[in-house]
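S.K.: Sharing a structure, written as structure tokens. Questions coming.
The values are calculated or read from the model by the stated rules, or taken from the named source; none is laboratory data. The structure displayed is predicted, hence computed values, not measured ones. No Cβ is skipped: glycine too gets one built from the backbone with ideal geometry, and neighbour counts run over all protein chains shown. Surface areas here come from the heavy atoms of the whole protein model, side chains and all, with no ligands, DNA or RNA. Shrake-Rupley method; radii C 1.70, N 1.55, O 1.52, S 1.80 Å.
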Amino acid sequence: MYSHIKAFEVKLALLLEQVKKHNFIHLHATHNLSAENPAVPFPAEKCVEALEMLKAQYGVRFRELHVNAKEIRLFQNPFVADIDEAQPSYQFELAELQNCDVLKDAFKPNSLIDFYAALPNDTYPNIKKHAMKMSTLFGSTYICEQTFSRMKLLKTPMRSRLTDEHLHHCLRLAVTRMEPDIQLLTSQMQGHSSH
């Protein structure tokens, strides 16, 4: 998933630069329309504005991925991770792992989950913990779809001033499976005494 997000960001930046130069090679309908009717100029400025807004929103939406990029790359392929840049708790384990030919050979044909499951826990406990954390980072598509559906219900035109932080809290309440114990909560409250 991280690779797809990064690839989309690169494509978006490429598309933006090309549209700024009135190059519509990747926008097939626009390219064909411009070729068929060169007398009618395409409003490239509006297109650039929309692409810049999309790029900015995309950057905000996935900013946590950029913060965790090193950890994600470490998970994707621990054999090419820079040991000096890794967290100290991973450095010795990475040195051991990167110099183990048997594990290098096992890495290629297996899925990431199978590879990390087969790592000896006594030799690589921190890397295995890291792999567990990273493999659960994205969750299932059902949870993502449910969250986006709830977000559409929360962020309506009437509630367009929700901040990202407030939206985050509202979403957390909307998708949680926890049920509050109202009886317990109200029994612990102290009523106001009259004067």
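S.K.: Among the residues in segment 100-120, are any hydroxyl-bearing (Ser, Thr, Tyr) and part of a loop (DSSP other than H, G, I, E, B)?
M.R.: Scanning segment 100-120 turns up at least one residue that is hydroxyl-bearing (Ser, Thr, Tyr) and part of a loop (DSSP other than H, G, I, E, B).
S.K.: So, restricting to helices (runs of 4 or more DSSP H) that lie completely within segment 137-195, which ones have at least 3 residues that are modelled with pLDDT under 80?
M.R.: In segment 137-195, 141-154 are the helices (runs of 4 or more DSSP H) which contain 3 or more residues that are modelled with pLDDT under 80.
S.K.: Could you please let me know if Ser160 is over 26 Å from Ser3 (Cα atoms), of a type in the set (Gly, Ala, Ser) and more than 22 Å from the chain's Cα centre (by Cα)?
M.R.: yes
S.K.: Something else about it: Could you please find all residues in segment 99-135 being open to solvent by 100 Å² or more (accessible area, probe 1.4 Å) and closer than 14 Å to Glu71 by Cβ?
M.R.: Passing the criteria: Lys129, Met132, Lys133.
S.K.: Any chance segment 108-122 includes a residue that's in contact (Cβ under 8 Å) with a residue 40 or more places away in the chain, closer than 22 Å to Ile5 by Cβ, out of contact with any strand residue (DSSP E or B) (no Cβ under 6 Å at 6 or more places or on another chain) and of a type in the set (S, T, N, Q)?
M.R.: Within segment 108-122, none of the residues are in contact (Cβ under 8 Å) with a residue 40 or more places away in the chain, closer than 22 Å to Ile5 by Cβ, out of contact with any strand residue (DSSP E or B) (no Cβ under 6 Å at 6 or more places or on another chain) and of a type in the set (S, T, N, Q).
S.K.: Check segment 29-49 and report whether any residue there is out of contact with any Cys (no Cβ under 8 Å at 6 or more places or on another chain), in contact (Cβ under 8 Å) with a residue 40 or more places away in the chain and either more than 20 Å from Met134 (Cβ to Cβ) or polar (S, T, N, Q) (or both).
M.R.: Within segment 29-49 (the criterion being out of contact with any Cys (no Cβ under 8 Å at 6 or more places or on another chain), in contact (Cβ under 8 Å) with a residue 40 or more places away in the chain and either more than 20 Å from Met134 (Cβ to Cβ) or polar (S, T, N, Q) (or both)), the answer is no, since none of the residues qualifies.
S.K.: Out of all the residues in segment 121-135, is one or more part of a loop (DSSP other than H, G, I, E, B), modelled with pLDDT under 80 and not acidic (Asp, Glu)?
M.R.: Checked segment 121-135: no residue is part of a loop (DSSP other than H, G, I, E, B), modelled with pLDDT under 80 and not acidic (Asp, Glu).
S.K.: Going through segment 156-184 one residue at a time, which ones are surrounded by 10 or more Cβ atoms within 10 Å (Cβ to Cβ) and hydrophobic (A, V, I, L, M, F, W, C)?
M.R.: The answer is Leu162, Leu167, Cys170, Leu171, Leu173, Ala174, Val175.
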